[in-house]
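Note sheet for the following structure.
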2 protein chains.
Amino acid sequence: MKLRRLTGLAAGLLAAAAFAHAEEGMWLFTDPPRAQLQSAYGFDLTAAWLQHLMKASVRFNSGGSGSFVSGDGLVITNHHVGLDSLQKMSTAGQNYARDGFYAATGAQERKCLDLELNVLQSVEDVTARVNAGVAAKAPGDDDAQARRKVMAGIEKESRDRTGLRSDVVTLYQGGSYQLYRYKRYTDIRLVFAPEQQAAFYGGDPDNFEYPRYDLDICIFRVYENGQPLHPADYLKWSVAGARADELVFVSGHPGRTDRLLTVPELEFMRDVSFPLQLAQLKRLDVLLSAWSARSDENARRAKDDLFGIQNSRKLRDGALSALQDPGFMGTKDIAEDSFKQRLRDRPGGGRSVLAAFRQIAVAQRVFARSYLRYRYLEAGGGFFSDSFGIARELLRAGEERPKPNGERLREYGDARRESLELDLFSDRPIYPDLEILTLGDSLTDLTEKLGYDDPTVQAVLAGKSPRARAAELIRGTHVRDVAFRRKLYAGGSAAVAAAADPLIELARSIDDEARSLRKIAEAQDEVKQQAQAVIGRARFALEGTSNYPDATFTLRLAYGTVKAYEENGEEVAPLTNFAGLYERAASHHGREPFDLPPRWVARKAALDLQTPLNFVSTCDIIGGNSGSPTVNAAGEFVGIIFDGNIESLSADFGYQDAQSRAVSVHSAGILEALRQVYGANALADELVHGHRP
Amino acid sequence: MKLRRLTGLAAGLLAAAAFAHAEEGMWLFTDPPRAQLQSAYGFDLTAAWLQHLMKASVRFNSGGSGSFVSGDGLVITNHHVGLDSLQKMSTAGQNYARDGFYAATGAQERKCLDLELNVLQSVEDVTARVNAGVAAKAPGDDDAQARRKVMAGIEKESRDRTGLRSDVVTLYQGGSYQLYRYKRYTDIRLVFAPEQQAAFYGGDPDNFEYPRYDLDICIFRVYENGQPLHPADYLKWSVAGARADELVFVSGHPGRTDRLLTVPELEFMRDVSFPLQLAQLKRLDVLLSAWSARSDENARRAKDDLFGIQNSRKLRDGALSALQDPGFMGTKDIAEDSFKQRLRDRPGGGRSVLAAFRQIAVAQRVFARSYLRYRYLEAGGGFFSDSFGIARELLRAGEERPKPNGERLREYGDARRESLELDLFSDRPIYPDLEILTLGDSLTDLTEKLGYDDPTVQAVLAGKSPRARAAELIRGTHVRDVAFRRKLYAGGSAAVAAAADPLIELARSIDDEARSLRKIAEAQDEVKQQAQAVIGRARFALEGTSNYPDATFTLRLAYGTVKAYEENGEEVAPLTNFAGLYERAASHHGREPFDLPPRWVARKAALDLQTPLNFVSTCDIIGGNSGSPTVNAAGEFVGIIFDGNIESLSADFGYQDAQSRAVSVHSAGILEALRQVYGANALADELVHGHRP
């Protein structure tokens, strides 16, 4: 499992059922599990320890986590989190994603095209302000609009006042609203990446498996005003690294869990959304795999997309498997019934809470009816291509930006302007042949799903076959030209209309329907959010602070133990080492994806083969935690999360500590590889000493 | 494109529209294109020439074609046609499918497990008998039953009288019924196969592409009574082989075309059946690709299935692309309208024919309503595994065999008994791990498509998750044991019931519904067949004998020219050679699937690199033609069909001669490879001289 945010899934055990497990939890830094750590481990979680870890933790807005590991601005994350940046700076001649990179000096470090890092600075409770804003809504506004307005207002005010990126985060299903302020960094330079073969050793076949042998790391340096950043808080590197049976912590940004979902919501995923998404993922997997096989250059161009697709596919397959298990759904039914019974037993009979359950069921049914069209027309399923995304952004930016901030579609709000522009003006390569391939295939899919005779489909195809239409659109559009994008963005909707770009005009032709589908989706989402908030508050009343909110790609703390587990009756040891890596390569006769990069073959003799390479812990993680530091009780960096084992696939639903494990690269293994395989002694020294030599 | 029968697709241009093309046609040997050949090529097609070619042509009942190429019983076909047999005789230790095989002496030849070859001996028109039988049907019988009875009766009588396999074949949409009598051969021994790398050089990426460089051949020897067969008719081997611009013929067994389908039938494929089938193929592709990547042994076990799946997927993708092309569908609409207009212009206004068009439209709508359940419950889509197929065969054989021959499901008729038993008692390996994988995935698919709450799904899953249920069924069943199968088959339905085998009982639990779905399908098929016969006869009246019937996996003759074509403005030469193969491997740095087998690397210097390897011709072929001999005007073997180029993907719909090409291995290239790469001089000598040295 690659734990990027995009792979986050939605489904969950009721907390009531899951709380049997001691080490469950993706805890807020503002409400950490002090008591649990004290009673289970005798560990005293101090405010200073927590504050230091918070400010050393980094969020990758490309979807992932990381941490500062030197006083001169080094940030470590996973190779698969950095891959997007590696890909964008690669060319046909120089494939950093595949072949790796090392800058021995600052001058050799290479700037990323559109990477943004966020470091959390403070958290402020704004629940009362948001709720007051909704209560005092303007005439004509519904609650969703009112909430959007007040949240946008809070974000803008905070941003203007502090200069920090400011996001109002919805926690506890709307039970709580918190203002998260981040320092943004956008001058990020690549320092080190191994070959993808080493980072993703064993490839898709080994994904989700353990034992593992992956050097899944990527190291950047953060710059500010053209100089390396000197963060006050960074993690001290543990040269010995993680030991079996020791207490460890994971500080990172789990993307999304849905452990509090109701049965009708789970049934929607089981019966409607997951099957549809899986069918799309599998057709894309086949499409891009076949295309990649035609030439090395095709493979390089499709690699990042294919990687994400295969990963999401495995995750959803695993999740759907749990949802189709009558045992699991039975447990969910019982847990929900028992919660409802406890509500009925209270004074007042919890009438409004039981009504909230019914409201969710109805909202889910309403959304289900338009889900197919929503998915294909608004959520981009029918137009899979970077070009279409840009075309729509230009169209909508032109329409949204003149509106008052609070009335815009959320992604066009003032608080997100810089991120939007970073994406929109990115110089990343867009390959017309690949775009024609994926757009052609998704137009084919659109035609299958909505029907050849559907008026929208007829309008989209404009008398051509899906593939011919895709070729015409991609060849005809100018959105690959960044200057063109800048011009249209600056010129607003008049400039956009005047350009008469075929792809933008296509986006326009479906935009009325797409927006109205989104409106339905958001309205039902609003109903559910309110109902969930009602249920969430009732749950608090029953369960107190023993609870943590579902993951929301905000900073969380997990804890657990480096620990063996049983699989098919045999014990799986918690640590692997370099010797195991070479044995695995030998047993597969060095065939892809079990082959080793030439450097690794050549440098075998130099390595201490007993050095640990990967390890597992019982920490509760999910997509988005990729690249999270694993730290020991002293707060030292002992490893970096990059995966979960196959038994952890149901983590979206709930946590199980018997077999489910988080997988990290070991801090000692990283040093050994940097020195002995890559000759990156200057970098290794910086990690060990915390400053450049 | 691999042209095995299973890949045959259904759709077609009206002949009226397609007859612009001179070299179109999959002609009956009983009604060959004498006039066309005379006028276009001055070629005189004699009865003796035709009879010799017919008796030298071989049908592989595993789906494919071949030909006798020596007086001592050698039969040549494609590696991908022989693959099923190669796979079945392979073990974990000895992988003939991957590594190839050569028997330098008769004693080394290896017997195939369950391969049946058919050689056409005679054709008899039985149209009048079939129609009379339907007219005089028994009270209570519908037309379909009556036709099945009379056809089974004719087959049985012929078989009893002649000892030959006897199949009544429906031609011209029921306009004509012909009794085909075949000599059956079941003692087939493997003589030669190249490495799959050489046979399928370029793998899935090069599939459908040209230029090509594949040695896609496999050579067997037919035995009778323990001795090599000495066929009176076999093809003389042309040492020089095919030349550019020469007239060539293809004699083989195109599996299925549907060039006469009506617009509602094409719409059904476009909107209903192809999207569903493609989604299944793509999910299987992903499933088996991922599993194959885990280990070499997995890859070996899944290879044959995966091969067929990827091939069918490409074909259907191509076909759907044509069906979604408004240009194509517009042409179809116009052609059908113009045909109807010509009918209206005739005396009587063609009322019954126009009614037949309406009947087809209604029957198609009725079938469409039950298609999903038909596909998953009767056509096996929900139970993808060899074990389930066997379990159902045992169940149904027990129920069907006591019935009168004419009332049975067709595959249990007396005429097909030997073929059924050959399949049922085959010793082919069945791998429980692979069976659990595919059955688990298709039960998951079944649950998605029919719905978790569907009563049939609930009964099938029996309270387990799809994967757990699949594991339980495959572990619990005894159908992998051939002795068990023999016992149950011999004991009939009482023995089957007494065995209480979990997988057979599963098949039983859905069999009422499956059979009733089949009944609906067959009834609508019957309506369509009758209506098509009405239309077919009217078409004859209008078009005369300029027409050929749609392909039906019976012997056909195609003709054409070895000819270059244009693609993206550049001319593609008609022949490739060995030099091109080595260049292609070099340009891909020898990476899979463009790597060469070690023998080919080692023997490069010994080869005459200018020897032709593959070539294209304008012959009209389709799935099932795989392995068909390409012969010259003298009736000599000049090559062997193995593929079509990407422009030929719409061959199911109709023929286009501008770019569409059939691809063959060249007879000179085969000899050169046998001698210089494989040191198979004895075999090469036998091919050249027509007898063993």
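Hey, among the residues in the stretch B:242-265 that are surrounded by fewer than 23 Cβ atoms within 10 Å (Cβ to Cβ) and among the basic types (Lys, Arg), which one's nearest to B:Leu74 (Cα to Cα)?
It comes out as B:Arg243.
Go through the stretch B:208-227 and count every residue that is surrounded by 20 or more Cβ atoms within 10 Å (Cβ to Cβ) and away from every other protein chain (no Cβ under 13 Å). Steps first, answer last, please.
Applying the first criterion (surrounded by 20 or more Cβ atoms within 10 Å (Cβ to Cβ)) to the stretch B:208-227 yields B:208, B:210-222.
Keeping just the survivors that are away from every other protein chain (no Cβ under 13 Å) gives B:210-222.
Number satisfying all stated conditions: 13.
Here is a list: B:Asp233, B:Asp245. Which entry is assigned to a loop (DSSP other than H, G, I, E, B), farther than 30 Å from B:Tyr371 by Cβ, more than 14 Å from chain A (Cβ to nearest Cβ) and touching a helix residue (DSSP H, G or I) at 6+ places or on another chain (Cβ under 7 Å)?
Of B:Asp233, B:Asp245, the one residue that is assigned to a loop (DSSP other than H, G, I, E, B), farther than 30 Å from B:Tyr371 by Cβ, more than 14 Å from chain A (Cβ to nearest Cβ) and touching a helix residue (DSSP H, G or I) at 6+ places or on another chain (Cβ under 7 Å) is B:Asp233.
On the basis of being within 30 Å of A:Gln197 (Cα to Cα), surrounded by fewer than 17 Cβ atoms within 10 Å (Cβ to Cβ) and modelled with pLDDT of 95 or more, does A:Gln108 make the cut?
yes
Can you pull out the residues in the stretch A:283-310 that are touching a residue at least 60 places away in the same chain (Cβ under 8 Å), within 12 Å of another protein chain (Cβ to nearest Cβ) and under 23 Å from the mean Cα position of the chain (by Cα)?
A:Arg283, A:Leu284, A:Leu288, A:Gln310
Those residues that are closer than 14 Å to B:Pro326 by Cα, within 11 Å of another protein chain (Cβ to nearest Cβ), among the hydrophobic types (A, V, I, L, M, F, W, C) and surrounded by 15 or more Cβ atoms within 10 Å (Cβ to Cβ), I need them from the stretch A:448-466; list them, please.
Residues satisfying the conditions are A:Val457, A:Leu461.
Between B:Leu284, B:Leu260, B:Leu276, which is part of a loop (DSSP other than H, G, I, E, B) and aliphatic (A, V, I, L, M)?
Exactly one of B:Leu284, B:Leu260, B:Leu276 is part of a loop (DSSP other than H, G, I, E, B) and aliphatic (A, V, I, L, M), namely B:Leu260.
For residues that are crowded, with 19+ Cβ neighbours inside 10 Å and not in a helix (DSSP H, G or I), tally how many sit in the stretch B:489-540.
Here the count works out to 2.
Out of the residues in the stretch A:159-207 that are assigned to a helix (DSSP H, G or I) and without any contact (Cβ under 8 Å) to a residue 12 or more places away in the chain, state the one that is nearest to the other protein chains (Cβ to nearest Cβ).
Among residues in the stretch A:159-207 that are assigned to a helix (DSSP H, G or I) and without any contact (Cβ under 8 Å) to a residue 12 or more places away in the chain, the one nearest to the other protein chains (Cβ to nearest Cβ) is A:Asp160.
Any residue in the stretch B:467-484 that is touching a Ser or Thr at 6+ places or on another chain (Cβ under 7 Å), of a type outside the set (Ser, Thr, Tyr), assigned to a helix (DSSP H, G or I) and within 14 Å of chain A (Cβ to nearest Cβ)? Steps first, please.
Let us first name the residues in the stretch B:467-484 that are touching a Ser or Thr at 6+ places or on another chain (Cβ under 7 Å), namely B:467, B:474, B:477, B:479-480.
Pick out the ones that are also of a type outside the set (Ser, Thr, Tyr) and you get B:467, B:474, B:479-480.
Of the ones still in play, those that are also assigned to a helix (DSSP H, G or I) are B:467, B:474.
Going one step further and asking which of them are within 14 Å of chain A (Cβ to nearest Cβ), we end up with B:467.
Within the stretch B:467-484, one or more residues are touching a Ser or Thr at 6+ places or on another chain (Cβ under 7 Å), of a type outside the set (Ser, Thr, Tyr), assigned to a helix (DSSP H, G or I) and within 14 Å of chain A (Cβ to nearest Cβ).
In the set A:Ala682, A:Ala634, A:Ala658, which member is part of a loop (DSSP other than H, G, I, E, B), more than 21 Å from the chain's Cα centre (by Cα) and within 26 Å of A:Phe60 (Cβ to Cβ)?
A:Ala634 is the lone residue from the list that is part of a loop (DSSP other than H, G, I, E, B), more than 21 Å from the chain's Cα centre (by Cα) and within 26 Å of A:Phe60 (Cβ to Cβ).
Kindly establish whether A:Arg485 is closer than 30 Å to A:Ala651 by Cβ and in contact (Cβ under 8 Å) with a residue 40 or more places away in the chain.
For A:Arg485, the condition - closer than 30 Å to A:Ala651 by Cβ and in contact (Cβ under 8 Å) with a residue 40 or more places away in the chain - is not met.
Quick one: in the stretch A:193-236, which of the residues that are at pLDDT below 95 and acidic (Asp, Glu) is nearest to the chain's Cα centre (by Cα)?
Out of the qualifying residues, it is A:Asp204.
State whether the residues of the stretch A:594-615 include one that is over 30 Å from A:Phe29 (Cβ atoms), part of a loop (DSSP other than H, G, I, E, B), in contact with a Gly (Cβ under 9 Å, 6 or more places away or on another chain) and free of Cβ contacts under 8 Å to residues at least 60 places away in the same chain.
The answer is yes, given that some residue of the stretch A:594-615 is over 30 Å from A:Phe29 (Cβ atoms), part of a loop (DSSP other than H, G, I, E, B), in contact with a Gly (Cβ under 9 Å, 6 or more places away or on another chain) and free of Cβ contacts under 8 Å to residues at least 60 places away in the same chain.
Just to be sure, is B:Arg373 surrounded by fewer than 16 Cβ atoms within 10 Å (Cβ to Cβ), modelled with pLDDT of 95 or more, away from chain A (no Cβ under 14 Å) and in a helix (DSSP H, G or I)?
no
Say we look at the stretch B:319-337 and pick out the residues that are more than 10 Å from chain A (Cβ to nearest Cβ) and crowded, with 22+ Cβ neighbours inside 10 Å; which of these is farthest from B:Val353 (Cα to Cα)? Full working, then the answer.
First, pick out the residues of the stretch B:319-337 that are more than 10 Å from chain A (Cβ to nearest Cβ): B:319, B:331-337.
Next, from what is left, pick out any that are crowded, with 22+ Cβ neighbours inside 10 Å: B:319, B:332.
Values: B:Ala319: 28, B:Lys332: 18 Å.
Among those that are more than 10 Å from chain A (Cβ to nearest Cβ) and crowded, with 22+ Cβ neighbours inside 10 Å, it is B:Ala319.
Pick from B:Gly381, B:Gly389: which is within 21 Å of the chain's Cα centre (by Cα), within 24 Å of B:Ile520 (Cα to Cα) and not in a helix (DSSP H, G or I)?
From the options B:Gly381, B:Gly389, the qualifying one is B:Gly381.
Identify the single condition in (1) under 28 Å from B:Gln145 (Cβ atoms); (2) of a type outside the set (S, T, N, Q); (3) out of contact with any Phe, Trp or Tyr (no Cβ under 6 Å at 6 or more places or on another chain); (4) in contact (Cβ under 8 Å) with a residue 40 or more places away in the chain that B:Val460 does not satisfy, given that it satisfies every other one.
(1)
Among residues belonging to the stretch B:428-438 that are within 14 Å of another protein chain (Cβ to nearest Cβ) and aliphatic (A, V, I, L, M), point out the one that is surrounded by the fewest Cβ atoms within 10 Å (Cβ to Cβ).
Among residues in the stretch B:428-438 that are within 14 Å of another protein chain (Cβ to nearest Cβ) and aliphatic (A, V, I, L, M), the one surrounded by the fewest Cβ atoms within 10 Å (Cβ to Cβ) is B:Ile436.
Considering only the stretch B:559-592, how many residues are buried (at least 16 other Cβ atoms within 10 Å of the Cβ), within 14 Å of chain A (Cβ to nearest Cβ) and within 31 Å of the chain's Cα centre (by Cα)?
Residues in the stretch B:559-592 being buried (at least 16 other Cβ atoms within 10 Å of the Cβ), within 14 Å of chain A (Cβ to nearest Cβ) and within 31 Å of the chain's Cα centre (by Cα): 2 in total.
Suppose the filter is in contact with a Cys (Cβ under 9 Å, 6 or more places away or on another chain), more than 17 Å from A:Thr77 (Cβ to Cβ) and not acidic (Asp, Glu); does A:Val239 pass it?
No, not satisfied.
Within the stretch A:562-610, which residues are among the hydroxyl-bearing types (Ser, Thr, Tyr) and either at positive phi or out of contact with any strand residue (DSSP E or B) (no Cβ under 6 Å at 6 or more places or on another chain) (or both)?
Correct list: A:Tyr582, A:Ser587.
The values are calculated or read from the model by the stated rules, or taken from the named source; none is laboratory data. If you're wondering where the values come from, they're calculated on a predicted model, not measured in any experiment. In this analysis, Cβ positions are derived from the backbone assuming ideal geometry, glycine residues included, and neighbour counts consider all displayed protein chains.
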